[in-house]
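Structure first, commentary second.
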Amino acid sequence: MKRLAISGSVVALAMSTAPAHADTLQEALTDAYVNNPTLEAARASQRATDEGVQIQRAQGLPSITASGNYIEFIKNSPNSFTAPDRRLQIGPDLTVPVYSGGAVRNGIKAARERVDAGRADLRATESAIFSQVVAAYMDVLRGQALVALSANQVDVLTVNLEATGDRFEIGDLTRTDVAQSQSRLAVAQSDLRSAQATLIQARETYIALVGDAPQNLQAPPPLPGLPDSAIEAVDVALENNPDLIAAKERAQAAGYDSEVAGSGRLPTLSLFAGADYTNYFDTLAGGAGGIAQNETTANAGVQVSIPIFQGGLPAARQRQAMARESAALEQVIATERDVIAQTRASYSSWQASLAIIESSQAAVDAATLSLEGVRAENSIGNRTILDVLNAEQELLSARVQLVTARRNAYVAGFSLLAAMGRAEARDLGLGDEGVLYDPIDNYERVGGSIWDWGRDPEPTAKSTRTVDIPPATSDVPEVQGPQD
């Protein structure tokens, strides 16, 4: 019943207009998913994080370098009878790391944990953008409804003022009654201007998030998977909230960083091999016969490096890494607390909004009957013009509260889903559009790539600019809002 209450209440936000074509919430979310620059930037950052694994792995792979030099010996030692006048030497060198104290192994593990943390961060960014889009979408619907209500109030008070003026002319009312009607009309006109400005702001926010102007927005669909209790919501959030998952992954990465820092005190072992070609250009020993003027040499061996004393550097680095690991573990607890608080608060706000909808609807019904009665009594002289104005204001206030509560209920419900980790593209059916971005694709694409000259295309912005979209207006579709 709670979910149906949201669905039924939101329908009223769309009012009675049924345009031939209208934007849906799913279309808005899809547009933001493929065109929001913040989300695109997060995806690019994740692709950069993916490379961390390959960067760490490369430190444990063989490396080949080639070097060469050409020397002109301008003045040789007079005691050297074989010194050449010039020399060319070139050759490749191969180094194969065998053991690095665990630095490479643990570095790769830390990088993988950060990749997983980055994917969770990407989920969190996606969820945050969707929450903003939902809020902007509902703000536009609410803004249209409030503008319609305010415009309707101006129309009603304008008719009231004309009727009051006519009755004043025949001596049925006083100038005070006219002044009261004029005052209320001026306030209503001011409220209308304020509502129009708020609607324009909501539409501009929508444009900034979605990348397109809102047209005739349809009522959003019921929210799926809302919990039956705050306890259930928290249980789901502790398993699925992306911020909490990212914090845990970073703590794991920090643990591996501590091991990498400690490896600085351990021996390292590597294999090496090299070859050199040398040419003296017939200048060795004055070009004397029987002496080779060019030669090729090769070598291979094993190199062991055993740290003995480094001034406490490895210990300091490990203490530093372990302190950061402690900070990361505390951050996990802090994030968990925030997730619990956010989930409980969102659930409470959602429940409160549902209760406000119910009471506001009752207030609207009662205020409607009250206004009809006060108008009838005023027509026979039992009520003053001020009574009528007050009754109209009470009805307007109740309608505004109802519209606002409907908006708040939907936004709070979506925020609750976001805290539970259930407000992402895969949860909202955007996969049917064929636009889902899978960060694993890039990770697999770059994984194992050892070609030094590999390069991606030149970076370009994928998101579209909004400079060519006309400024938002406060116009609302016709037949918006209840009529008196």
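The values are calculated or read from the model by the stated rules, or taken from the named source; none is laboratory data. No experiment lies behind these values; they were computed from the predicted model shown. Don't worry about glycine lacking a Cβ; one is built from the backbone with ideal geometry, like all the others, and counts go over all protein chains shown. Only protein heavy atoms, including side chains, enter the accessible area calculation; ligands, DNA and RNA are left aside. Shrake-Rupley method; radii C 1.70, N 1.55, O 1.52, S 1.80 Å.
Counting only Cβ charges, +1 for Lys and Arg and -1 for Asp and Glu, the dipole size of the stretch 284-393 around its Cα centre is about 700 debye.
Amide H to amide H distances under 5 Å link residue 23 with 215, 216, 217, 218, where only residues 5 or more positions off or on other chains count and H is placed in the peptide plane.
Computed per residue of the chain from DSSP H runs no shorter than four, each worth -39500 (n - 2.57), the mean residue ellipticity at 222 nm is -21500 deg cm²/dmol. Largest accessible area first, the residues 168, 281 order themselves as 281, 168 under a 1.4 Å probe with ligands, DNA and RNA left out.
Residue 302 sits with roughly 100 Å² accessible to a 1.4 Å probe, with DNA, RNA and ligands left out of the calculation.
Here the extension length gained between residue 183 and residue 232 equals 12.5 nm, from 0.36 nm per residue of separation less the Cα-Cα distance. The stretch between residue 458 and residue 436 holds 5.6 nm of extra length on full extension. This uses 0.36 nm per residue minus the Cα-Cα distance. Can you classify the stretch 408-475 as rounded, prolate or oblate using the Cα gyration tensor, where a ≥ b ≥ c are the square roots of its eigenvalues, rounded means a/c under 1.5, and otherwise it's prolate if a/b beats b/c and oblate if not? Oblate is the answer for the stretch 408-475, as a/c is 1.5 or above yet b/c matches or exceeds a/b. Expressed as a whole percent, the accessible area of the stretch 242-348 that falls on carbon and sulfur atoms is 54 (1.4 Å probe). Here the dipole of the stretch 116-226 is about 180 debye; that uses its Cα centre as origin and unit charges on the Cβ of Lys and Arg (positive) and Asp and Glu (negative). Just one of (1) 37.9, 110; (2) 21.3, 70; (3) 37.0, 138 is Rg and Dmax of the Cα atoms in Å as worked out from the coordinates here. Which one is it? Checked against the structure: label (3).
Between the Cα long axis of helix 385-419 and the first principal axis of the chain there is an angle of about 20°, rounded to the nearest 10. The ellipsoid equivalent to the alpha-carbon distribution of the stretch 352-415 has semi-axes of 31, 9, 6 angstrom, derived from the gyration tensor eigenvalues as √(5λ) and listed largest first.
If you keep only loop residues by DSSP, which chymotrypsin sites (Phe, Trp or Tyr not before Pro) in the stretch 72-115 have at most 10 other Cβ atoms within 10 Å of their Cβ? Filter output for the stretch 72-115: 81.
A 1.4 Å probe run over the chain, with the rest of the protein chains in place, finds 54 Å² accessible per residue. Relative to the first principal axis of the alpha-carbon coordinates of the chain, what is the inclination of helix 230-240, with its axis defined by its Cα atoms, in degrees from 0 to 90 and to the nearest 10? Approximately 30 degrees, to the nearest 10. In the context of the full protein assembly, residue 87 retains an accessible surface of approximately 60 Å², using a probe radius of 1.4 Å and ignoring ligands and nucleic acids. About its Cα centre, the chain has a charge dipole of approximately 1740 debye under the convention of +1 per Lys or Arg Cβ and -1 per Asp or Glu Cβ, with nothing else charged.
Applying the criteria of a DSSP loop state and at most 10 other Cβ atoms within 10 Å to the GluC sites (Glu not before Pro) of the stretch 331-381 yields no site. Give me the distance between the Cα centres of the stretch 130-205 and the stretch 234-303, rounded to whole Å. Distance between centres, Cα-based: 74 Å.
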